[in-house]
1. Counting only residues that are in a helix (DSSP H, G or I) and without any contact (Cβ under 8 Å) to a residue 12 or more places away in the chain, which one in region 33-55 is surrounded by the fewest Cβ atoms within 10 Å (Cβ to Cβ)?
2. Going through region 192-206 one residue at a time, which ones are assigned to a strand (DSSP E or B) and open to solvent by 60 Å² or more (accessible area, probe 1.4 Å)?
3. Residues being closer than 16 Å to Leu76 by Cα, open to solvent by 50 Å² or more (accessible area, probe 1.4 Å) and assigned to a loop (DSSP other than H, G, I, E, B): count how many of those fall in region 13-32.
4. Take Asp90 and decide whether it is modelled with pLDDT under 90, over 24 Å from Leu38 (Cβ atoms) and assigned to a helix (DSSP H, G or I).
5. Given the conditions (1) open to solvent by 60 Å² or more (accessible area, probe 1.4 Å); (2) aliphatic (A, V, I, L, M); (3) assigned to a loop (DSSP other than H, G, I, E, B), which single one is not true for Met5?
Amino acid sequence: MEAEMDHYAVLGLPSGEEGAKLTEKEINKAYRWKALELHPDKRPDDPNAAANFQQLRTSYDILRDDKARKLFDDLLRVKRERELRNLQRDGKRRKMVSDLERRERDANAPDPAAKEREEEARIARQLKEEIARIRAMHGKKEEAPAAAPAKEKDSGGSSGVDQEKVLKVSWEKVGEDYSADKLRELFSKFGEVEDVVIKGSKKKGSALVVMAIKEGAVAATGSVIGHLANPLLVVPLKPASVADSSSVPKSAETTRMSNLVGAGYQAFEDSVLKKLQKVCRLLVPFSRF
């Protein structure tokens, strides 16, 4: 027990190499101060006061004896050297562990050369794809001029239908509405009807009626009225050419309609519809008799 205790610390003195250099006078002075502090008479309530004061006296006796003090200093030196070796050994062990972990990381890390080759192959593949895209784009540009004449040749109609056989029919969404079958029935009186396409909106209906021949379209224009309560406005999608319509007198009203386009044509169509509706309202009372 006495060998494990630091007798310098008991007297409140520095230990180790500094303690070994202390003089006897310094040890005596430290003992006197510590004895006044730990004397049992000064600590009546401390049950360990007598044991602590006895330990102080024992440590003082060891440090006063030259042989005992030298042995104690040697013991402290051996302990310090052992602790230093342990620290060094721990440091070496930590370094060895660190080196081992680093080598393991390096072994598992990808090869830089292989990574560079992979990156090079990826860039080369993307470049090849980009070159193919540019070549395809230039090929399309070269094919476009060659396809232009064929496109202009077919531009006479969006679906190959002769527009002179197509009639544009419009009506207001009031009263009885018109279905494709109803329009086909009305226009079939002037020739075979190839197709009827219903369009329009919520307030206004419209349709395209495709006649089998141009003469049928010319005959139906201005002749098909529909219901008196909801009359139809029929105009050609494309007026017949002079050669095709030479046998049919061309009125001033037809000439004026063929010159109307865009917003003007829409205004004309609305005006005609209003006139027809006004006439029909006047005729309805007489139709009851």
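The values are calculated or read from the model by the stated rules, or taken from the named source; none is laboratory data. Predicted, not measured: the structure shown is a model, and the values here were computed from it. Because the Cβ atoms are built from the backbone with ideal geometry, glycine has one as well, and the counts that use them run over all protein chains shown. All accessible areas refer to the heavy atoms of the entire protein, side chains included, with ligands and DNA or RNA removed. Shrake-Rupley method; radii C 1.70, N 1.55, O 1.52, S 1.80 Å.
1. Within region 33-55, the first condition is being in a helix (DSSP H, G or I), and the residues that meet it are 33-38, 40-42, 49-55.
Filter once more, keeping what is without any contact (Cβ under 8 Å) to a residue 12 or more places away in the chain: 36-37, 41-42, 49-51, 54.
Working: Leu36: 9, Glu37: 13, Asp41: 7, Lys42: 12, Ala49: 16, Ala50: 13, Ala51: 12, Gln54: 12.
Step by step, filter region 33-55, then rank; the result is Asp41.
2. From region 192-206, those assigned to a strand (DSSP E or B) are 193-200, 204-206; that's our starting set.
Within region 192-206, Glu194, Asp195, Val197, Ile198, Lys199 qualify.
3. 2
4. Details: modelled with pLDDT under 90: yes; over 24 Å from Leu38 (Cβ atoms): yes; assigned to a helix (DSSP H, G or I): yes.
So Asp90 fits the description; yes.
5. (1)
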